[in-house]
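Below is one structure, written out as C-alpha cells; comments come after it.
The values are calculated or read from the model by the stated rules, or taken from the named source; none is laboratory data. No experiment lies behind these values; they were computed from the predicted model shown. With ideal geometry, Cβ positions are generated from the backbone for all residues, glycine too; neighbour counts draw on all protein chains shown. Calculation scope for accessible area: heavy atoms of the full protein, side chains included, ligands and nucleic acids excluded. Shrake-Rupley method; radii C 1.70, N 1.55, O 1.52, S 1.80 Å.
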Amino acid sequence: MNDSTIFVLIAIALAIILIAILFTFVPVALWISAIAAGVKIGIFELVGMRLRRVVPARVVNPLIKAVKAGLDLDTSRLEGHYLAGGNVDRVVNALIAAQRANIDLSFERAAAIDLAGRDVLEAVQMSVNPKVIETPFIAGVAMDGIEVKAKARITVRANIDRLVGGAGEDTVIARVGEGIVSTIGSQNDHKKVLENPDMISQTVLSKGLDSGTAFEILSIDIADIDIGKNIGAELQTDQAQADKNIAQAKAEERRAMAVAKEQEMKARVEEMRAKVVEAEAEVPMALSEALRQGHMGVMDYMNYQNVMADTDMRDSISKASGTKEEQHSKNDPRNRNVDK
C-alpha cells in the first residue's frame, strides 16, 4: 500500500468523522422537518440553541405544532420559556386547545400559569369540561343537639384569569364545609335539614365561596345526608356526670371534715379526762393537808370514806340492774317481734 492510498483512507475517515460530528451537533434532520412543515428556522439558529444548552427538539417540535394549528409563535419566546424551566410542549398544547374552544388565552399567561406550577392544559380542559369535587362527610349540629352529616358534590370550572395566585381545591372544600356546618347549625330542628337538603346548597352557593380561588363554582349538590349522634344529650350526660363528681367530692370533703372534727372532740374528751384524773389525784393531798392543819378531824375523814363507799356500791348496783333489764328486754318475745 503506497502513501497516496493511505492519505485517501485517512481523508475518508476524517470526512466520515466530520459528517458524524456535524449531524450530531447540528440537528439536520430536525431542520429538514421544520422546513418541510413550513417553519422558517435557520440551521445556524439550531446550532445556537445547542450552544445555549437548549434541546432543539423541545422547541422546534412544539413550534411545528403551533404553526400547523395557526398560532403566531416564534422560537425566541419558546426558547425563553424553556430556559425558564417551563414545559414548552404543554403550553403549546394548551394554546391549541384554547384556540379550538374559543378561550382567550395568550402565550404570556399560559407560560405564567405553567411556571407557577399548575397544569395549564388541564386548566383549559377543565374550562371546557367542568370538574366535580366530592367532599367527605361534613358534620354539623343543629340547635336541638342532633348531629347531621352531609356529603356534597361541587361542580367547578377553571378560571384562567385567577389560575396564577388563586387558591386550589382544598380551599374550596374547606369553604364549602364551613358553609355546610354553619347552615346546619343555624336550624332550630334537624328535621328541617332532612326535609329540604337543597337549603344547604342554596345557602352555601349564595356566599360566593369561589372568591380568590382558581375555580368558578357552578353548582353545589348534596349527594348524601345522614343522622349522627345526639350531641346535646351527650353534653347533658357529661355535664350531669361532672356535677355528680363535684357533689361527691364536696360530700367526701364534708365527711372528712366531720371525721376530723370527731377526732378533735375525742382528743378534747381525753384531755378533760386527764384533767379530771389530775384533779382527783390532788384530793388525797388536800385531805392530808387538812388533817395536818386541823381543818378536818378523823371522824370527818371516816365519814368521807363511808360516803365514797356508798356511792361506789350504788353505782355497781345500778350498773348490774341496768344490764339485767337490757338482757331481759332482748329475751322478751314481744320485743323480738317488734324488732322483726
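On the basis of being open to solvent by 60 Å² or more (accessible area, probe 1.4 Å) and modelled with pLDDT of 85 or more, does residue 241 make the cut? Yes; evaluated as a whole, the condition is true for this residue.
From the list 128, 141, the lone residue that is under 29 Å from the mean Cα position of the chain (by Cα) and among the hydrophobic types (A, V, I, L, M, F, W, C) is 141. Restrict the check to region 188-209 and report whether at least one residue is among the β-branched types (Val, Ile, Thr), within 26 Å of residue 94 (Cα to Cα), open to solvent by 30 Å² or more (accessible area, probe 1.4 Å) and not assigned by the TED database to the domain that holds residue 89. No, because not a single residue in region 188-209 is among the β-branched types (Val, Ile, Thr), within 26 Å of residue 94 (Cα to Cα), open to solvent by 30 Å² or more (accessible area, probe 1.4 Å) and not assigned by the TED database to the domain that holds residue 89. Checking each residue in region 53-96 for being open to solvent by 30 Å² or more (accessible area, probe 1.4 Å) and of a type in the set (Gly, Ala, Ser) picks out 57, 70, 76, 80, 84, 85.
Considering only residues of region 152-174 that are in contact with a strand residue (DSSP E or B) (Cβ under 8 Å, 6 or more places away or on another chain) and open to solvent by 50 Å² or more (accessible area, probe 1.4 Å), which is modelled with the highest pLDDT? My answer is 153.
Criterion applied to 77, 90, 50 was being over 26 Å from residue 104 (Cβ atoms), of a type in the set (Lys, Arg) and assigned to a helix (DSSP H, G or I), and the one residue passing it is 50.
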